[in-house]
Amino acid sequence: MFQQAKFRIGESNWWVGADYLYVVASNTFDLDSILPPEIPNPAFDFDLGGIGLQVQYDGRNMIFTPSDGLSASFKFINYDKNWGSDFDYDVFKGKLLHYTPFGDYSSLGLRFEGQTTSGDTPFFAYPFVDLRGIPAMRYQGESTLVG
C-alpha cells in the first residue's frame, strides 16, 4: 500500500508532502543447485512500513518536456516498528534537475541525484545507481550519487 499527499504552498513553486508505504513480502532465493543438501535454502517473511516527508521546488516551464527551469527535491523516509516495519532505518534522498535552452530547438538538461541510508537497512533497500544502460541494483551501497 502506498499513500501520498502533496500540497502547493500558496501560488509559489514550493510543495510539501508526506507519504506512507506498507509492504508485506516474502524473500526467497533459488540456491538449491548451489547449496549442499544439509544447508537449508534461506527464506524469510517481512513487513516494511515507512513514513516519508518531502519538500520540493519546481520552477520548470513545463512538467513533461521542460526546456528551461529548475526542479529540486529532498525526501526523508523513516522505516520503524511504529509504522509496521520489521526494520529500523532512515533514507535521505535529494534530486536536482536544471534545464537551459540551447539553440532554437534544443535544451541542455543536467541531473544530480543522491541517496543515503542509516540504521538497520536490509540488503534490498540499499540505494543503487539509477542510470539508463545500467541494470537496476547492480551498484549498491549505503550512499549513491548520480550526475
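Observations, loosely collected:
- For the pair TRP14 and LEU35 in one chain, pulling the backbone fully straight at 0.36 nm per residue adds 2.2 nm over the alpha carbon distance.
- DSSP assigns beta bridges within region 2-77; of those with both partners inside it, close to 100 percent run antiparallel.
- Rounded to whole Hz, the Karplus (6.51, -1.76, 1.60) HN-Hα couplings of region 122-135, x for glycine and proline: x, 4, 7, 10, 5, x, 9, 5, 10, 9, 4, x, 10, x
- Cβ-based exposure ranking for ILE134, ILE63, in which fewest neighbours within 10 Å come first: ILE63, ILE134
- Listed candidates (i) 1.08; (ii) 0.94; (iii) 1.17 - label of the one calculated as Rg/Rh (Cα atoms, Kirkwood Rh): (i)
- Stretchable slack from ASP90 to TYR139, in nm (0.36 nm times residue separation minus alpha-carbon distance): 15.7 nm
- Remark: relative contact order (region 1-129) = 17 percent; criterion is Cα-Cα distance under 8 angstrom and separation of 6 or more residues.
- Annotation note: chymotrypsin sites (Phe, Trp or Tyr not before Pro) in region 1-68 located in DSSP loop regions with a Cβ neighbour count of at most 13 within 10 Å are PHE29, PHE64.
- Per-peptide average of other Cβ atoms within 10 Å, ordering 88-98, 108-118 highest first: 88-98, 108-118
Bear in mind that the values in this text are calculations on the coordinates, not laboratory data. These numbers were taken from a predicted model, which means no experiment stands behind them. Glycine gets a Cβ as well: all are built from the backbone with ideal geometry, and neighbour counts include every protein chain shown.
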